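Nothing in this text is a laboratory measurement; each read-out follows from the coordinates by a stated rule. Treat the numbers as computed from the prediction; the structure is a model and nothing was measured. Please note: Cβ atoms are built from the backbone with ideal geometry, for glycine as well, and neighbour counts cover all protein chains shown.
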Amino acid sequence: MRDMVFSLAVIAVPLAVALAIKPSKAGDPVHVIDAASFQSTLAAARQSEPFTVLAPSGLPADWRLTSMNYQPAGVTAADWHLGYLLPGGSYASLEQTTQPLASFLNDQHSDASPNTAVQIAAATPNVWQRYTGTTPAGLRTILFYTDAKSTVMVAGSASLAQLEQLAAALH
């Protein structure tokens, strides 16, 4: 019996030590883009795009930047994308592209259609067009405007108030 307890201790003690020092894989599974990566990509986009590349400032700290893409003009339309995961799991994104809105929606397989104009006092311009749909989830509500060089869209599954907040933060 004594040998069996000793054998068990020889196996259990190293196993307990290994489990105690092994890093846990638990935690936040969301990949958040760091500020340095964001700033360098934003700078590259602003140097070469045919339009004034917009980016938000002053968003709540709990809005996490989880996707970012910069596609210079070439074979496809120029495109600047930022995606934010908001508290509660909703999503808000900025799309700025040289692609016309109808073509963009078609490429995204969106069923969004015109709804109403929305006034956003703190945004420039302060009148945005609103489209709503059901698919895909990331394009349920779209606020957009088109200027001479690009189409700017704020879209997502986030509430209209949160999408307006993102639109107002763009500079």
Q: State whether one or more residues within region 106-120 are within 19 Å of the chain's Cα centre (by Cα) and under 21 Å from THR66 (Cα atoms).
A: yes
Q) Among the residues of region 153-160, is there at least one that is outside any strand (DSSP E or B), farther than 20 Å from ILE33 by Cα and more than 18 Å from the chain's Cα centre (by Cα)? A) no
Q | Unmet requirement for HIS109, which otherwise passes all of (1) of a type outside the set (A, V, I, L, M, F, W, C); (2) touching a Ser or Thr at 6+ places or on another chain (Cβ under 6 Å); (3) on the phi > 0 side of the Ramachandran plot; (4) free of Cβ contacts under 8 Å to residues at least 40 places away in the same chain | A | (2)
**Q.** Residue that is touching a residue at least 60 places away in the same chain (Cβ under 8 Å) and either under 29 Å from ALA61 (Cβ atoms) or charged (D, E, K, R) (or both), where the choices are LEU160, LEU143, LEU139, LEU86
**A.** LEU86
Q. Which residues, counting only those in region 115-171, are surrounded by 12 or more Cβ atoms within 10 Å (Cβ to Cβ) and among the hydroxyl-bearing types (Ser, Thr, Tyr)?
A. TYR131, THR132, THR135, THR141, TYR145, THR146, SER150, THR151, SER157, SER159
